[in-house]
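Participant: This structure is in structure tokens; I'll ask about it shortly.
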Amino acid sequence: MSTFSDTPMEPGGQAGYGLETRPTWTGWLRRRAVATLPPEKLLPDRQPSYVASWIYVFGALTLAAFGVVLASGAVLAIKGPDWWHVSSAGLFVNSVHLWGTELFFFFMVIHLWGKFFMAAWRGRRRATWITGVLAFVISIATAFTGYLSQQNFDSEWIGTQAKDGINATGAGAFWNVLNFGQMLLWHVLLLPLVVAVMVAVHVLLVRRRGVVPPFPAKGADK
């Protein structure tokens, strides 16, 4: 019976089975990930005392609202674009999706302005700030395509009013706001995926660099 050897084969050795120890890209990736974001930072069991301030809560509230939006949107996508027009349950889920979006933007705007006045890019946190701003901007486009996908008079009015402005920029050549199918797919697939990636990167950067501390009190350095 043949057996596998766990020692490297010597040059010129006889033919047979052997396992050579060589570096792999998966091993390099694991070591790099652990060095960049060790477990104690990824899943910390304690936080600085200043995190108890209410201004730090709105980031978590934004994530919670985002989860509600994704969950309710997934149900709407499964049931189809006509469901919320003909079913009371569909109307309820659509309302949850709408108000989850409203809360998502409400919490995110407070979080964004709060971090702006705290200069959240301090301490090598520029990438954290940039990914948060990008998530906010892309979320606006996602909400816009959502309004265009309502299949009612509001969506028709919004689409016709936005058409000329977007066409004037040249973007209308490949992004037609009057094309329901295109706007629906952008809303349920492409843009949410980009927002989710931006949010995930943003949270990982927060874990890596930590939350930004408040400004020191005046005269504290004297």
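No lab work stands behind these numbers, since they all come straight from the coordinates. Just so it is clear, the structure is predicted and the values come from calculations on it, not from any experiment. Reconstructed Cβ throughout: ideal geometry from the backbone, glycine too, with neighbour counts over all protein chains shown.
Participant: Of the peptides 34-44, 118-128, 139-149, how do they stack up when ordered by the mean number of other Cβ atoms within 10 Å, highest first?
Facilitator: Those peptides, ordered most packed to least, come out 139-149, 118-128, 34-44.
Participant: State to the nearest 20 debye the size of the charge dipole of the chain about its Cα centre, where the only charges are +1 on K and R beta carbons and -1 on D and E beta carbons.
Facilitator: Magnitude of the dipole: close to 1120 debye.
Participant: Distance from the Cα centre of segment 168-220 to that of segment 20-70, in angstrom?
Facilitator: 18 Å
Participant: Using a ≥ b ≥ c from the Cα gyration tensor of the chain (square roots of the eigenvalues), is it rounded, prolate or oblate, where a/c under 1.5 gives rounded and otherwise the larger of a/b and b/c decides, a/b for prolate?
Facilitator: The shape class here is oblate.
Participant: Here's a follow-up. Kyte-Doolittle cut-off -0.5, length cut-off 30 Å along the helix's own axis using Cα: show which whole DSSP H helices in the chain pass.
Facilitator: The qualifying helices are 57-79, 88-117, 126-148.
Participant: Given contacts defined as C-alpha pairs under 8 Å and at least six residues apart, what's the relative contact order of the chain, whole-number percent?
Facilitator: With pairs under 8 Å counted, the relative contact order is 20 percent.
Participant: Measuring from label point to label point, each 7 Å out along Cα→Cβ, what is the T36 to N179 span in nm?
Facilitator: That separation, rounded to one decimal, is 3.5 nm.
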